[in-house]
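The values are calculated or read from the model by the stated rules, or taken from the named source; none is laboratory data. Computed from a predicted model, the values in this text were never measured in an experiment. For neighbour counting, all protein chains shown are included, and Cβ atoms are generated from backbone atoms with ideal geometry for every residue, glycine included. For the accessible areas, the whole protein counts, side chains as well, though only heavy atoms, and no ligand, DNA or RNA atoms are used. Shrake-Rupley method; radii C 1.70, N 1.55, O 1.52, S 1.80 Å.
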Amino acid sequence: MLAERRHQLILRALRSGGPAAVTDLSEQLGVSPATIRRDLVRLEEEGLLTRVHGGAVVDEGDQPFAEVAEVRVAEKDAIAATAASMVRDGQSVLLDIGTTAYRLARQLHGRRLTVITSNLVVYEELADDEGIELVLLGGMVRREYRSLVGFLTEDNLRQLHADWLFLGTSGVRPGGQVMDTTVVEVPVKRAMIKASDRVVLLADSAKFPGTGMARVCGPGELDVLVTNGPVDQSTCSSLEEAGVEVVTARGA
């Protein structure tokens, strides 16, 4: 059996039955435990599962927004401050879902900007700031993650244009592929990329490789990466080869 097919079957088994032991996976797939262990190492490196004692588990999806918002706040604030400094008054800014985009919104108070978003927390943060022209995209509400998704959101984005997109991610692969944990968010992110002149990826050090099974875009669709620390050499090389500017956040 080819390794790629074996990896697919391992992930399917973990998603359908929860945590699985190496011995169980070995018996199911008819390969040695050593082969399964190598597969699990590779899949963990790609951010598709987490190894535990004797086996592995897969990420069950996004954590609620309130939980994620409390993690790595200082790092996100440093990234947000650097990203905000790129924007000039009078420009239009598209803010993705996620907690780093929310931290960026907090840096935009008092500016004269147009902000477009599907992020309900960004909307709530900026709703009373009269200097900001605020555009809230339509769509179905994902209550736990405070975002709007679906064909209505994508249709709205086809009618709009932004100078900047600040894009979040669940993980960045060594080849520079931008990933997400939730398939339903991917079409919206892709529509945001198409609607924007410049795409800036906001990714703290935990996002390399991070998590995510769904591909959002490749490095060729990014203009800038803002992060809080050194990026591993393989990923950095892939981004630089694609012409992506890698910026380390000030104060990170």
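Of the residues making up the range 201-224, those that are crowded, with 21+ Cβ neighbours inside 10 Å, in contact with a helix residue (DSSP H, G or I) (Cβ under 6 Å, 6 or more places away or on another chain) and aliphatic (A, V, I, L, M) number 2.
The set of residues in the range 70-84 being under 23 Å from LEU160 (Cα atoms) and free of Cβ contacts under 8 Å to residues at least 40 places away in the same chain consists of ALA84 alone.
Every residue, every condition in (1) of a type in the set (Lys, Arg); (2) at negative phi; (3) in a helix (DSSP H, G or I), yes or no:
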residue	(1), (2), (3)
LEU165	no, yes, no
GLY176	no, no, no
VAL184	no, yes, yes
GLY210	no, no, no
GLY220	no, yes, yes
VAL226	no, yes, no
GLY229	no, yes, no
LEU239	no, yes, yes
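Criterion applied to VAL149, VAL172, VAL186, VAL178 was being in contact with a Pro (Cβ under 7 Å, 6 or more places away or on another chain), more than 28 Å from GLY90 (Cβ to Cβ) and modelled with pLDDT of 85 or more, and the one residue passing it is VAL172. The helices (runs of 4 or more DSSP H) located wholly in the range 18-110 that include 1 or more residues which are modelled with pLDDT under 90 and surrounded by fewer than 18 Cβ atoms within 10 Å (Cβ to Cβ) occupy 22-29, 33-45, 65-68, 73-84. Within the range 176-200, being within 19 Å of LEU43 (Cβ to Cβ) and open to solvent by 40 Å² or more (accessible area, probe 1.4 Å) holds for GLN177, VAL183. Considering the range 135-158, and only residues there that are among the basic types (Lys, Arg) and not in a helix (DSSP H, G or I), the residue that is farthest from the chain's Cα centre (by Cα) turns out to be ARG143.
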